[in-house]
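So the structure is just underneath, and the comments pick up after that.
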């Protein structure tokens, strides 16, 4: 399972501008097997991928904003080919797009893109927050509507366990619906404070063992560690997270 743990580079976004190569080297030294791309931060994609190959870091999908899906898809595909990934994930919706009409249009739009790209092996996924739980569409919350596991819905899940819990759901029960429809899952912990702030994986209130066991039974290919806000250097937080995950995996294998 350790070979499936990736770092979502949004966690270290501020550091990437200064020293993308140095960050990649540190992540490899920590034991991460891959990274999830969330932008180049002014760096040359070919140089970044060349270093990843040299280090043996794989690509655990790419986060792609909605404007790039709509207006720059050829460039997105070119970069996906370079980074040897077929997973394109929409990571976020701005507030004005969080309404019934926009969610309905978005589901149709992403399915149309997914159908066009399906023959080339691409998969389109949606990464949640907690705001999707606030809107109801056809008797479901917006997240369940977008990811409805029907044969004609090609939109896959990239569920973030922190936001599932923040949305008031029991995590493993909520994951069940998306068995073999979720190539990548986001691991993020919730602190034990009143604000339910972000925490290093294993240092908060979420029990990750049943999540990992579920993932191994249900088609998870990558476990992407993300921490939106860190108390200090985000590399320190990513180090704590992977050390805790490796200890947990070792204990599960005993």
Gaussian network model of the chain, Cα within-10 Å springs - most flexible of 185, 242, 104: 104
Estimated 222 nm signal from helices in the chain, with DSSP H stretches of n ≥ 4 weighted -39500 (n - 2.57), rounded to 500: -13000 deg cm²/dmol
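Report the extension gain between residue 217 and residue 246 in nm, rounded to one decimal, defined as 0.36 nm multiplied by the number of residues separating them, less their alpha carbon distance. Don't jump to the answer; show the numbers that get you there.
Working: separation 29, 0.36 × 29 = 10.44 nm, distance 1.86 nm.
Value of the extension gain: 8.6 nm.
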Three-way shape label, segment 1-131, alpha-carbon gyration tensor, a/c 1.5: prolate
Additional length obtainable on full extension of the chain from residue 120 to residue 97, 0.36 nm per residue less Cα span: 5.4 nm
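Tell me whether segment 2-252 comes out rounded, prolate or oblate; compute the Cα gyration tensor, take square roots of the eigenvalues as a ≥ b ≥ c, and use a/c under 1.5 as the rounded threshold. Please report the intermediate quantities before stating the final value.
On the way: a/c = 1.56, a/b = 1.12, b/c = 1.38.
Verdict is oblate for segment 2-252.
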Top of 122, 32, 162 by mean-square fluctuation, Gaussian network on the chain, Cα under 10 Å: 122
Gyration tensor verdict on segment 120-159 (Cα atoms; rounded if a/c is under 1.5, prolate if a/b is larger than b/c, oblate otherwise): oblate
Net lengthening on full extension, residue 78/residue 209 (0.36 nm per residue, minus Cα-Cα): 43.5 nm
Most mobile of 73, 212, 238 in a GNM of the chain (Cα contacts under 10 Å): 73
Computed E for residue 25/residue 193 - FRET, C-beta separation, R0 41 angstrom, nearest 0.05: 0.80
Of all DSSP beta bridges in the chain, antiparallel share, percent nearest 5: 15 percent
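Every read-out reported here was derived from the displayed coordinates using simple, explicitly stated rules and does not represent laboratory data. Here the structure is a predicted model, which means the values were calculated and not measured. Cβ atoms come from the backbone with ideal geometry, glycine included; neighbour counts cover every protein chain shown.
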